[in-house]
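Have a look at the structure below, then the notes.
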Amino acid sequence: MTRHAVSSVECPKAMRGLPGAERTLSLQGGGSFAPAQDRLRRGPAISALSLRAGGPWPSARNDRAAGWGLLRRVHTQRSECARNGRGTGVSLCRRPALAAMGLVLALALVLAGCGPAAAPTPTPGRAPVKLAMGYIPNVQFAPVYVAYSRGYFAAEGIDLSFDYGMETDLLKLLAAGERQFVIGSGDQVALARGNGLPVRYVLNWYRRFPVCVVALASSGIEKPADLVGRTVGTPVLEGASYIGWRAFISAAGIAPEQVNLQVIGYTQAASLTEKRVDAAICYAMNEPVQLRTAGQDARVFYFDDYANLPSNGLITNEDTIQHHPELVQGMVRAFLHGLRDTIADPDAAFAITKQMVPEVGGQNEALQRAVLAECIRFWQGEPLGQSDPASWRRVVDLLRQVKLLNVEVDPETLYTNRFVEAK
């Protein structure tokens, strides 16, 4: 079985001609991968990079200009704002940022013209499937790693490989048949359908919408109404953060103009601790966990307590559903098996993840275990994997309300529970 580790990035050009000892380096991280390391100035810095020679890299990343653009995006934590047209991209911020690790990987790509490792040679008798993760390897993919390591995908006749490429148009590639499966969120599916892309959500991974507003206890913000007249930081004015915010304030009876909403990029923790904002919109398993780990007392308002929306899940295209339903069924069944195992035994899931992504261990382990524990709170809930029709109607209505969706979209075309219910 091929071992996929975070250090497996392959460099086709710039590493040529280097002595063997220089062609393979190790990625070592001290402190946390999360923004708490840089923003709260806690923990040692990254000490080394990881590059490995050989293997192809998509043409879009071959030039240095594209590489530096990638570095800038990762340095700001996520690429929710780096879309190639609304509704066509899988936002990297869906997977809460592991900032230092992301910055290191991006820098490795810039310096060497590198890309994700080439997929392993397909196993005879199994269908090769590349799962587009939309982000770098990290602990939040634990259910997939568990299913892969324990052979659940293989048992379904699937030869799975991971696509960690930081593309911003994964749903376009999915619709065109260049990818078979993508991890993405419900609002992206709705926007993609609005742009005529035949994609559909087939498994609800995050049962709860993971976006929230966080404020330090010293701010005096104790309830949503206390946000009126305050300054709230948001990474961008689109994507899940903004959509979730609009749903939250609508449910809380707050008009948009009653809050000073400021775009702060992905600097939420620093903006809070340096008192540039009173509260910040972020992901529940990201800044709140980092702040608590750093000893900060924080007040968190979880958006799903006010208006739950469809979040991250497994997405495929209509062609695969129509012509290869057994493949979709196998992917869903294996994914659910890994998800159930992770929820039932987080310690075993973390151990498997550490084998595949060694950087979650060492000095990072306490924080990464806390991140996994918080993720599980948002994954669990029965029936596991099933979509709530009301949440899909809600997200379509909300996207129309904030004028991100300007055409009629039938919520029933965005998802199916067929494969989850069949198991």
(request) Return yes when Ile264 is under 24 Å from Gln188 (Cβ atoms) and either of a type outside the set (Phe, Trp, Tyr) or touching a residue at least 24 places away in the same chain (Cβ under 8 Å) (or both) and no when it is not. (result) yes
(request) Considering each residue of segment 178-213, count those that are outside any strand (DSSP E or B), within 14 Å of the chain's Cα centre (by Cα) and more than 17 Å from Ile376 (Cα to Cα), and give that number. (result) 3
(message) Residues to consider are Val371, Val420; find the one that is in contact with a Gly (Cβ under 6 Å, 6 or more places away or on another chain), part of a helix (DSSP H, G or I) and of a type in the set (Val, Ile, Thr).
(response) Val420
(request) Quick one: Asn406 ticks every box in (1) within 24 Å of Phe141 (Cβ to Cβ); (2) of a type outside the set (A, V, I, L, M, F, W, C); (3) in a loop (DSSP other than H, G, I, E, B) except a single one, so which number is it? (result) (1)
(request) Answer with yes or no whether Gly253 is modelled with pLDDT of 95 or more and in contact with a Leu (Cβ under 6 Å, 6 or more places away or on another chain). (result) no
(request) Just name the residue that is farthest from Val139 (Cα to Cα) out of those in segment 366-403 that are exposed (fewer than 14 other Cβ atoms within 10 Å of the Cβ) and in contact with a Ser or Thr (Cβ under 9 Å, 6 or more places away or on another chain). (result) Gln401
(message) Taking the criterion of being surrounded by fewer than 23 Cβ atoms within 10 Å (Cβ to Cβ) and within 19 Å of the chain's Cα centre (by Cα), would at least one residue in segment 406-420 satisfy it?
(response) no
(message) List the residue pairs whose Cβ atoms are under 7 Å apart, where the first residue sits in segment 395-412 and is in contact (Cβ under 8 Å) with a residue 60 or more places away in the chain, the second is surrounded by 10 or more Cβ atoms within 10 Å (Cβ to Cβ) and assigned to a loop (DSSP other than H, G, I, E, B), and the two are 6 or more positions apart or on different chains.
(response) Val395/Leu309; Val395/Pro310; Val396/Leu405; Val396/Val409; Leu399/Leu405; Leu404/Arg86; Leu404/Glu238
(request) Give the residue, chosen from Arg193, Arg179, that is among the basic types (Lys, Arg) and modelled with pLDDT under 95. (result) Arg179
(message) All but one of (1) at pLDDT 95 or above; (2) surrounded by fewer than 16 Cβ atoms within 10 Å (Cβ to Cβ) hold for Thr342; state the number of the condition that does not hold.
(response) (2)
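To keep it simple, each residue is scored yes or no on (1) surrounded by fewer than 21 Cβ atoms within 10 Å (Cβ to Cβ); (2) in contact with a helix residue (DSSP H, G or I) (Cβ under 7 Å, 6 or more places away or on another chain); (3) without any contact (Cβ under 8 Å) to a residue 12 or more places away in the chain.
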site	(1), (2), (3)
Tyr152	no, yes, no
Leu170	no, no, no
Val202	no, yes, no
Cys212	no, yes, no
Pro224	yes, yes, no
(request) For segment 353-362, state whether one or more residues are small (Gly, Ala, Ser), free of Cβ contacts under 8 Å to residues at least 60 places away in the same chain and within 26 Å of Ala247 (Cβ to Cβ). (result) no
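The values are calculated or read from the model by the stated rules, or taken from the named source; none is laboratory data. Keep in mind it's a predicted model, so treat the numbers as computed, not measured. Backbone-built Cβ (ideal geometry, glycine too); neighbour counts: all protein chains shown.
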